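Input: a single structure, listed below in structure tokens.
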Amino acid sequence: MLDQGMALLPRSDYRIDDTWYVAGMRASGSNTVIAEDVFVPEHRMLSMIPAFSGANATERTDSAFARSAFGPMLVMVLVGPQLGMGRAAVELVRIKASQKALAYTVFDRQADSVAFQMLLAEASLKVDTAHLHAYRAAEDVKRWAEAGEYPDLLSRARVRGDAAVALRSINEALNMLVDATGAGAFADVNALQRIWRDSNVGARHAVMLPRVSIETYGKALLGFELHDHITPII
């Protein structure tokens with residue numbers, strides 16, 4: 001398996017090319033970092049394979065966070081914002097439901113439509129489902145770190161499984177909410193379309209693609225060793 005690394009560089013040693021033109025997460029600043037002919041001393045390098053295998057390069061023995069299993073922690077950091085977007089979207093649609101008519105129907109208020117009520121309820125429950133899985137995974141990561149234990153492969157893979165369910169649940173909830181709201185949800189002035197775009201882009205980050213996570217958990221359940229998995233980020 002090809003190893004990769006993370007390096008600490010002074011700002012003067014690299015430049016940033018403005019390449020981030022995407023449908024969502026436009027404010028994330030995820031541009032391309034260019035470093036040419038830069039020397040990086042060994043103490044400013046972190047090899048990824050040992051990090052994913054539990055060899056935390058840290059002297060912060062007093063910090064539980066610094067002892068967190070790297071793969072699960074990395075995945076859960078990316079799940080967190082999705083939970084907030086899901087909650088915000090449900091609240092936005094709920095508040096507007098009594099102020100907006102259901103176009104081309106007899107309803108002066110969306111809130112009076114049973115179909116709308118059901119879509120809102122299902123979306124809210126899917127956001128709750130995302131929270132339940134995400135909080136279970138986050139609690140696992142925290143418990144292992146506080147105990148100074150590195151979790152086994154199956155436990156780490158389940159975190160990825162929980163993350164996949166959380167991401168899918170949020171995306172499904174947002175689709176229900178834009179269905180309930182109608183085409184007006186995609187107006188530039190409507191915050192719901194921005195949430196929908198940001199969530200869908202973020203949920204497809206290479207670190208936590210749901211299909212990869214589900215396959216990872218399935219392989220772990222069947223006893224596959226790390227070298228037989230399709231990603232080292234476990």
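Structure above, values below:
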| quantity | calculated |
| --- | --- |
| Residue among Gly24, Gly86, Gly71 that is modelled with pLDDT of 95 or more and closer than 22 Å to Ala134 by Cβ | Gly86 |
| Filter result for Ala55 (open to solvent by less than 50 Å² (accessible area, probe 1.4 Å), closer than 24 Å to Asp140 by Cα, of a type outside the set (S, T, N, Q) and out of contact with any Leu (no Cβ under 6 Å at 6 or more places or on another chain)) | no |
| First in region 96-110 and modelled with pLDDT under 90, second anywhere and surrounded by 17 or more Cβ atoms within 10 Å (Cβ to Cβ) and assigned to a loop (DSSP other than H, G, I, E, B), Cβ under 6 Å, 6 or more apart | Leu102/Ser113 |
| Meets criteria (within 30 Å of Asp140 (Cα to Cα), part of a helix (DSSP H, G or I) and either of a type outside the set (Gly, Ala, Ser) or at pLDDT below 85 (or both)) for Val93 | no |
| The listed residue being part of a loop (DSSP other than H, G, I, E, B), modelled with pLDDT under 95, open to solvent by 10 Å² or more (accessible area, probe 1.4 Å) and closer than 30 Å to Gly29 by Cβ, out of Val207, Val189, Val201 | Val189 |
| Conditions (1) under 19 Å from His205 (Cβ atoms); (2) part of a loop (DSSP other than H, G, I, E, B); (3) β-branched (Val, Ile, Thr); number of the one not met by Ile170 | (2) |
| Cβ-Cβ under 8 Å pairs, at least 6 apart or on other chains, region 27-50 side closer than 20 Å to Asp3 by Cα, far side at pLDDT 90 or above and assigned to a helix (DSSP H, G or I) | Ala35/Asp13; Val38/Asp13 |
| Qualifying positions in region 170-186 - among the charged types (D, E, K, R) and surrounded by 14 or more Cβ atoms within 10 Å (Cβ to Cβ) | Glu172 |
| Where a residue in region 6-19 is open to solvent by 90 Å² or more (accessible area, probe 1.4 Å) and its partner, wherever it lies, is basic (Lys, Arg), with Cβ under 9 Å and at least six apart | Leu8/Arg44 |
| Check on Gly148, surrounded by fewer than 21 Cβ atoms within 10 Å (Cβ to Cβ) and at positive phi | yes |
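Let's see how each residue does on (1) in a helix (DSSP H, G or I); (2) open to solvent by less than 10 Å² (accessible area, probe 1.4 Å); (3) touching a helix residue (DSSP H, G or I) at 6+ places or on another chain (Cβ under 6 Å); (4) not aromatic (Phe, Trp, Tyr):
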| residue | (1), (2), (3), (4) |
| --- | --- |
| Thr105 | no, no, no, yes |
| Asp108 | no, no, no, yes |
| Ala115 | yes, no, no, yes |
| Ala121 | yes, no, no, yes |
| Asp128 | yes, no, no, yes |
| Val141 | yes, no, yes, yes |
| Leu154 | yes, no, yes, yes |
| Asp162 | yes, yes, yes, yes |
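The values are calculated or read from the model by the stated rules, or taken from the named source; none is laboratory data. Because the structure is predicted, anything quoted here is derived from the model rather than measured. Glycine gets a Cβ as well: all are built from the backbone with ideal geometry, and neighbour counts include every protein chain shown. These area figures cover heavy atoms from the full protein model, side chains too; ligands, DNA and RNA do not enter into them. Shrake-Rupley method; radii C 1.70, N 1.55, O 1.52, S 1.80 Å.
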